[in-house]
1. Kindly list, by first and then second residue, each pair from a residue in region 12-38 that is touching a residue at least 60 places away in the same chain (Cβ under 8 Å) to a residue that is surrounded by 13 or more Cβ atoms within 10 Å (Cβ to Cβ) and among the basic types (Lys, Arg), limited to pairs with Cβ atoms under 8 Å and residues at least 6 apart or on different chains.
2. May I ask you to list pairs of residues, at least six apart or on different chains, whose Cβ atoms are under 6 Å apart, with the first in region 98-109 being under 18 Å from TYR73 (Cα atoms) and the second being modelled with pLDDT of 95 or more and assigned to a strand (DSSP E or B)?
3. Within region 15-55, restricting attention to residues that are at positive phi and exposed (fewer than 15 other Cβ atoms within 10 Å of the Cβ), which residue is nearest to the chain's Cα centre (by Cα)?
Amino acid sequence: MKKNKHTVIDTVIGENTTITGNIESDGSIKIEGRVEGDIKAAGDVTVLANGVVKGNIWCENVILSGTVTGNIYARNNLHLESTARLKGDVEIHTLVSDQGAVFEGNCKMVEPPADEDKNRKKKFEFKLGKPQNEVIEKEG
């Protein structure tokens, strides 16, 4: 993954901690415990093997070793490690999956943000859309 100013993890949710509610961060987040709510991070989100997230994630990069039930919107990369369990749709630039990872959902690959967008500080303003899970009936 690309090295950037967000590689320093400034928020850690410990193994014996459960957070109910949404989280917003201007940095990166490491989750060893449980989060029940959406996560919006300007940096990276790392979910370790015992970590569980029930909610959507918006961030730069995701490294997933634990369990996520929700959609992931990453500007760049999603890395599913061998112990990863993901149930939800993803909208990302690059997907890396190790043998043994489980992914149940849809994947939409998008272009990375333009260099001019990277230079501007955009707090949680992703150009990525929301995957559609509804069936559109055609009139005939």
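1. If the second residue must be surrounded by 13 or more Cβ atoms within 10 Å (Cβ to Cβ) and among the basic types (Lys, Arg), the pairs left are GLU24/LYS40.
2. Correct list of pairs: VAL102/ARG85; PHE103/LEU86; GLU104/LYS87; CYS107/VAL90; LYS108/GLU91.
3. Our first condition is that a residue be at positive phi; within region 15-55, this holds for 21, 37, 55.
Restricting the remaining residues to those that are exposed (fewer than 15 other Cβ atoms within 10 Å of the Cβ) gives 21, 37.
Details: GLY21: 16, GLY37: 13 Å.
Among those residues, the one meeting the criterion is GLY37.
The values are calculated or read from the model by the stated rules, or taken from the named source; none is laboratory data. Since the structure is predicted, the reported quantities are computational estimates derived from the model, not experimental observations. Using ideal geometry, Cβ is built from the backbone for each residue, glycine included, and neighbour counts are taken over all protein chains shown.
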